[in-house]
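Visitor: My questions will all concern the structure given below.
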Amino acid sequence: MEKNTEVVVIGSGPAGYTSAFRCSDLGLKTILVESYSRLGGVCLNFGCIPTKALLHVSKTLNTFSDLSNNGIINTNINVDINKLYLWENKIINRLSSNLNKLTSIKGVNVVYGVGKFISNNSLLVSDVNNNNVIIKFKYAIVATGSSPIKLSIVNDDVKLWYSNDAVLIKSIPDKLLIIGCGIVGLEMANIYSSLGSIVDVVEISNEIMSMLDVDVINFFLKSMKNKVNIIKDTKIISIENRDNGFCVFMKTSVSDISSKFYSNVLVSIGRYPNTKLLDLDKAGVELDDNYFIKVDDQMCTSNSNIYAIGDVVGYPMLAHKGIHEAYIAAEVIAGFKHYFNSTIIPCVLYTDPELSWVGMTEKDCKKNNIPYKVSLYPWSASGKSIIMNFTKGITKLIFNKKTNKIIGGVILGTNSSELLGELSLAIEMGCDAEDISLTIHAHPTLSESINFSAKMFLGSFTDFVNVD
């Protein structure tokens, strides 16, 4: 069978379906190709959505525990894992169903199967029954996402967890080892710890979340104390099957090899782009040394008719970055002169507490010789934070020392992800400290910590002694 279209989009994750819908809205005939059995990609089916659902449960359990510790409530909370699994899937199914409705309403034709290029304007799609469809296109958008990097030191008979396995909870391990102390590892540690697992997180390097400043990480580690055990500077040597679990052999740079038993092991050591099976060379599309697709600031590849967005074009691998790139690609195809600016991408670690940041860090400023000044407001002085019984948070703003314009910010604390939009907009709009300090924020709220931090920078905050 052969189909003809103006645009074919490969991959139906957030980047893929957004670009397909935008192309359709702009009057372009669009086909969406998806290799999985339902739309939404990793984000909807195994990533962003199910993990945030579980983290919501985790946070709720922590809140009940906090109220119990303060003698406000007196009740034991038992989690029904089967019902949790069904609830999680209900959320996924609802959102996936919404995508199906949108494809129908917008007139986007969905073809299920694995796609690969057979020329610079043709795509071969094969489904599970080996039925083939050739799609002739004028433009293509590659949005095939990424997959977890496998741990190379184990044999095939050692069945470890990866993020896709751990996120669809069917049981709670007594002792869980997580290899890799990045965003995925820390979020899963938070989830399983709150559900009752004893959790160790092993990191091969001496520091975690190395993109952030040391003071921020130290605040974060203090807030996570007693929840999970983070073991840095430790290398996994081997993993062997045991009855009801695994024996894990590990060593640090200064110690001999030791072993420990775990009920389960989750590997979260990074992700790689899903590009190797696309036969991109047949379409004249170039990859870099790490198999990411090379693109310009309009998301165009080395083939001027093929665009790439999302995880396949590089870090950070974030759904909202991919969505923004999707708009750029679709609108450029439709004739708009739009470009992607990657400097202001908000990032969130959705643990409890959340750690959120955007723009430049102190490390970035030093690396780029940018004069800067920091203003740090402690949540221990916040009325709303005290009400919520979380006073270990911070709001840290970074300003250009010459212009007083905000160039970066970090917020550690409850719901900090919901506060990040203000900082992103302030940086995008070129706001200075006075702009933020003169913006009236509701009281008592967590968001007023941004206002207070700006006032501290200006030396005008009345409710806290700021020692420079």
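Visitor: Which pairs have Cβ atoms under 6 Å, sit 6 or more apart or on different chains, and link a residue in segment 98-127 that is under 17 Å from S37 (Cβ atoms) to one that is charged (D, E, K, R) and at pLDDT 95 or above?
Guide: Listed by first residue and then by second, the contacts come to Y112/E34.
Visitor: Considering only residues that are over 24 Å from the mean Cα position of the chain (by Cα), surrounded by fewer than 24 Cβ atoms within 10 Å (Cβ to Cβ) and not in a helix (DSSP H, G or I), which ones fall in segment 1-45?
Guide: Passing the criteria: M1, E2, K3, N4, T5, E6, L26, G27, L28, K29.
Visitor: Another question, if that's okay. Across segment 375-389, which residue is surrounded by the most Cβ atoms within 10 Å (Cβ to Cβ) among those that are in contact with a helix residue (DSSP H, G or I) (Cβ under 7 Å, 6 or more places away or on another chain) and not in a strand (DSSP E or B)?
Guide: W379
Visitor: Residue check: is T75 surrounded by 13 or more Cβ atoms within 10 Å (Cβ to Cβ) and either farther than 27 Å from D311 by Cβ or outside the structural domain of A319 (by TED's automatic domain parsing) (or both)?
Guide: Values: surrounded by 13 or more Cβ atoms within 10 Å (Cβ to Cβ): no; either farther than 27 Å from D311 by Cβ or outside the structural domain of A319 (by TED's automatic domain parsing) (or both): yes.
When the stated conditions are applied, T75 does not pass them.
Visitor: Could you tell me which residue of segment 46-61 is farthest from V348 (Cα to Cα), considering only residues that are buried (at least 18 other Cβ atoms within 10 Å of the Cβ) and among the polar types (S, T, N, Q)?
Guide: S58
Visitor: Filter the helices (runs of 4 or more DSSP H) completely within segment 163-273 down to those with at least 1 residues that are surrounded by fewer than 23 Cβ atoms within 10 Å (Cβ to Cβ) and basic (K, R).
Guide: In segment 163-273, the matching helices (runs of 4 or more DSSP H) lie at 214-223.
Visitor: Please determine, by comparing only the residues of segment 366-384 that are in contact (Cβ under 8 Å) with a residue 60 or more places away in the chain and of a type in the set (G, A, S), which one is nearest to S437 (Cα to Cα).
Guide: S375
Visitor: Identify the single condition in (1) out of contact with any Leu (no Cβ under 7 Å at 6 or more places or on another chain); (2) at pLDDT 95 or above; (3) farther than 15 Å from K235 by Cα that M188 does not satisfy, given that it satisfies every other one.
Guide: (1)
Visitor: Is it the case that segment 146-162 has a residue that's within 26 Å of N82 (Cα to Cα) and of a type in the set (S, T, Y)?
Guide: There is at least one residue in segment 146-162 that is within 26 Å of N82 (Cα to Cα) and of a type in the set (S, T, Y).
Visitor: Right, here's the next one. Would you mind telling me which numbered condition in (1) within 30 Å of I31 (Cβ to Cβ); (2) at pLDDT 90 or above V128 fails?
Guide: So the condition that V128 fails would be (2).
The values are calculated or read from the model by the stated rules, or taken from the named source; none is laboratory data. Source: prediction; values computed, not measured. Cβ coordinates were reconstructed from backbone atoms using ideal geometry, including for glycine residues, and neighbour counts include every protein chain displayed.
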